[in-house]
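The values are calculated or read from the model by the stated rules, or taken from the named source; none is laboratory data. Given the structure is predicted, the values throughout are model-derived calculations rather than measurements. All Cβ positions, even for glycine, are placed from backbone atoms using ideal geometry, and neighbour counts span all protein chains on display.
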Amino acid sequence: MKKISAPLTDSVVESLRAGDEVLITGIIYTGRDAAHKRMVELLSKGEQLPFDLKGQIIYYAGPTPTRPGEVVGSVGPTTSGRMDPYAPILIQHGLKGMIGKGQRTQPVVEAMKKFKAVYFAAVGGAGALIARAVKSNKTVAYEELGPEAVRVLEVVDFPVIVAQDCYGGDLYVEGIKKYSRSAL
Amino acid sequence: MAKRIVNTSVITEKLAELSGAASCELDEDLIGALKEGLRVEESPVGKQILEQILENAKISRESRLPSCQDTGFAVVFLEIGQDVCLEGPALADAVNEGVRRGYEKNYLRKSIVDDPAITRKNTRDNTPSIIHTEIVSGDRVKIVLAAKGGGSENMSAVAMLKPADGIQGVRKFVVDTVKRAGGNPCPPIIVGVGIGGTFEKCALLAKKALLRPLGSHHPDERYANLERELLAEINATGIGPQGLGGRVTALGVLVETFPCHIASMPAAVNINCHASRHKEAII
């Protein structure tokens with residue numbers, strides 16, 4: 001199990017290969033559909049984002065409300081593919097990592113190769129387990145979006161798997177090929 | 001026969017209770033299927049994922065933190081006995097009030113937007129719910145709450161197959177739908193299949209199939225065999241836990257059927273994630 005810290009550097013991104021099991025410690029941001037739409041609209045108008053994207057990881061997640069006395073609610077990944085129309089633009093602006101679930105499309109893969117970024121899979125439906133890795137949680141933008149607000153999370157040993165790396169390596173393709181016995 | 005009076009406020013209270021239970025207490029049949037999956041999974045990554053899913057279920061049950069952050073669209077099935085006389089607030093209002101209270105009290109996520117295609121503003125209380133009512137014999141009211149996640153719902157499909165496509169056509173449609181879904185719906189999945197009826201009926205059959213216990217089978221042995229064969233075919237795809245490769249892509253395939261028109265053979269696949277959440281109560 002590799003341990004890495006967030007935000008990411010190019011050398012960390014380059015050291016990761018599809019299939020690596022990784023523990024992430026550091027600062028990550030949450031963002032999903034509605035927040036991505038707003039961020040890309042800002043960038044297209046040449047305006048500043050609510051946080052600096054350079055080297056950052058965005059976790060595609062919208063947690064349940066935090067209960068009194070706790071740090072965060074249940075906080076597992078959502079399906080990443082819905083962010084594919086937006087991700088290449090964010091990667092071009094410095095985003096280095098994404099955490100979610102499910103395969104990415106070719107434009108995202110190409111952007112990851114060109115600008116050195118990495119895509120991690122977290123276990124979908126393991127929101128209570130992942131919450132234990134979150135040590136602090138603060139809303140930084142779009143509070144009115146409720147569960148879709150952008151939050152900054154401090155995580156320790158967040159367990160993820162490198163699903164698609166910056167060389168085009170793809171565990172969704174390689175893993176399925178390895179275990180397929182389909183006749184259909 | 002004498003009518004039994006049921007105040008709809010009782011339905012409100014039951015739904016408020018069921019919402020919390022559905023999100024934090026995964027059923028034993030599901031836990032059993034996940035443990036069996038862990039036993040047969042060959043991929044080391046797949047095994048690790050299944051271990052995390054089982055550990056997550058345990059943490060959720062003990063800490064009452066929802067097992068998944070997507071606590072779903074509240075899909076409510078009501079079977080109302082025809083000897084029941086409902087009084088109190090209008091039924092739909094009573095149902096929505098129960099969902100509202102349950103989602104608020106249990107700190108569940110509010111995942112519903114008011115308008116699908118233009119404003120998409122969060123309603124902030126997880127209402128409205130989806131309500132399916134059926135009038136049945138008797139003097140009871142059965143409530144089933146299914147908390148349906150969006151990720152797996154997005155991967156579902158309906159096909160208006162031709163009678164000439166036959167059972168092979170159904171098999172191909174089901175397996176192709178699962179393959180196209182890949183890792184998106186959080187495999188290991190549960191596959192609800194509706195065959196027959198009309199366009200909307202087969203979709204409802206597929207959804208209702210997901211309420212059946214894992215390991216249960218269609219009463220017609222031919223369709224029970226179809227369930228077994230489809231499960232084997234889906235688990236031969238190699239998609240595996242979370243779509244990262246492995247043996248355990250689905251925990252079960254549940255088929256429901258209905259007669260259909262001489263010209264038609266509709267089929268629907270409703271995919272559920274591994275966190276299949278549904279709870280019921282009888283009033």
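Suppose the filter is outside any loop (DSSP other than H, G, I, E, B), buried (at least 16 other Cβ atoms within 10 Å of the Cβ) and more than 12 Å from chain A (Cβ to nearest Cβ); does B:P259 pass it? Before you say what the answer is, go through the steps one by one.
Working: outside any loop (DSSP other than H, G, I, E, B): yes; buried (at least 16 other Cβ atoms within 10 Å of the Cβ): no; more than 12 Å from chain A (Cβ to nearest Cβ): yes.
No, not satisfied.
Look through the range A:70-85, keep the residues that are closer than 15 Å to B:P185 by Cα and of a type in the set (V, I, T), and return whichever of them is nearest to the other protein chains (Cβ to nearest Cβ).
Let us first name the residues in the range A:70-85 that are closer than 15 Å to B:P185 by Cα, namely A:76-82.
Narrowing further to those that are of a type in the set (V, I, T): A:78-79.
On the way: A:T78: 6, A:T79: 5 Å.
Across the range A:70-85, the extreme among qualifying residues is A:T79.
Going through the range A:120-178 one residue at a time, which ones are charged (D, E, K, R) and under 27 Å from A:G69 (Cβ atoms)?
The initial filter retains those residues of the range A:120-178 that are charged (D, E, K, R), namely A:132, A:135, A:138, A:143-144, A:148, A:151, A:154, A:157, A:165, A:170, A:174, A:177-178.
Across the range A:120-178, the qualifying residues are A:R132, A:K135, A:K138, A:E143, A:E144, A:E148, A:R151, A:E154, A:D157.
I'm told B:V113 meets every condition in (1) touching a strand residue (DSSP E or B) at 6+ places or on another chain (Cβ under 6 Å); (2) touching a residue at least 24 places away in the same chain (Cβ under 8 Å); (3) surrounded by fewer than 20 Cβ atoms within 10 Å (Cβ to Cβ) except one. Can you identify the failing condition by its number?
(2)
Name the single residue that is nearest to A:R104 (Cα to Cα) among those in the range A:143-184 being among the hydroxyl-bearing types (S, T, Y) and within 11 Å of another protein chain (Cβ to nearest Cβ).
Restricting to residues being among the hydroxyl-bearing types (S, T, Y) and within 11 Å of another protein chain (Cβ to nearest Cβ), the top hit is A:Y172.
Applying the selection to the range A:91-110, what residues are under 25 Å from B:P185 (Cβ atoms) and in contact (Cβ under 8 Å) with a residue 12 or more places away in the chain?
A:G97, A:M98, A:I99, A:G100, A:K101, A:G102, A:Q103, A:R104, A:T105, A:P107, A:V108, A:V109
Filter the range A:38-58 for residues that are crowded, with 16+ Cβ neighbours inside 10 Å and closer than 28 Å to A:D170 by Cβ and give the result.
Selection gives A:M39, A:V40, A:L43, A:L53, A:G55, A:Q56, A:I57, A:I58.
One residue is enough: does the range B:211-221 have a residue meeting the conditions of a type outside the set (A, V, I, L, M, F, W, C), assigned to a helix (DSSP H, G or I), surrounded by fewer than 23 Cβ atoms within 10 Å (Cβ to Cβ) and out of contact with any Leu (no Cβ under 7 Å at 6 or more places or on another chain)? If you could, list the steps in order and put the result at the bottom.
First pass over the range B:211-221, keeping only residues of a type outside the set (A, V, I, L, M, F, W, C): B:212-213, B:215-221.
Remaining after also requiring assigned to a helix (DSSP H, G or I): B:221.
Filter once more, so that each one left must be surrounded by fewer than 23 Cβ atoms within 10 Å (Cβ to Cβ): B:221.
Adding the requirement that they be out of contact with any Leu (no Cβ under 7 Å at 6 or more places or on another chain) leaves B:221.
Yes - at least one qualifying residue is present in the range B:211-221.
Please determine whether any residue of the range B:42-50 is under 23 Å from A:P63 (Cα atoms) and in contact (Cβ under 8 Å) with a residue 12 or more places away in the chain.
Scanning the range B:42-50, I find at least one residue that is under 23 Å from A:P63 (Cα atoms) and in contact (Cβ under 8 Å) with a residue 12 or more places away in the chain, so the answer is yes.
Have a look at B:E87, B:E42, B:E55 and point out the one that is farther than 28 Å from A:V75 by Cβ, modelled with pLDDT of 95 or more and within 12 Å of chain A (Cβ to nearest Cβ).
One residue alone meets the criteria, B:E42.
The rows are residues; the columns are (1) more than 16 Å from the chain's Cα centre (by Cα); (2) within 14 Å of another protein chain (Cβ to nearest Cβ); (3) part of a helix (DSSP H, G or I).
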| residue | (1), (2), (3) |
| --- | --- |
| A:S5 | no, no, no |
| A:L8 | no, no, no |
| A:V13 | no, no, yes |
| A:I24 | no, no, no |
| A:I27 | no, no, no |
| A:A35 | no, yes, yes |
| A:L43 | yes, no, yes |
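Give me the pairs: first residue in the range A:166-181 and under 24 Å from A:S15 (Cβ atoms), second residue of a type in the set (D, E), beta-carbon distance under 7 Å, and six or more apart or on different chains, which are they?
Taking only residues 6 or more apart or on different chains, the pairs are A:C166/A:E14.
Can you tell me which of (1) crowded, with 16+ Cβ neighbours inside 10 Å; (2) more than 11 Å from chain A (Cβ to nearest Cβ) is the one B:Y103 doesn't meet?
(2)
Give me the residue from the range A:121-142 that is touching a Pro at 6+ places or on another chain (Cβ under 9 Å) and more than 7 Å from chain B (Cβ to nearest Cβ) and, out of that set, nearest to B:R61 (Cα to Cα).
Looking at residues that are touching a Pro at 6+ places or on another chain (Cβ under 9 Å) and more than 7 Å from chain B (Cβ to nearest Cβ), I get A:I130.
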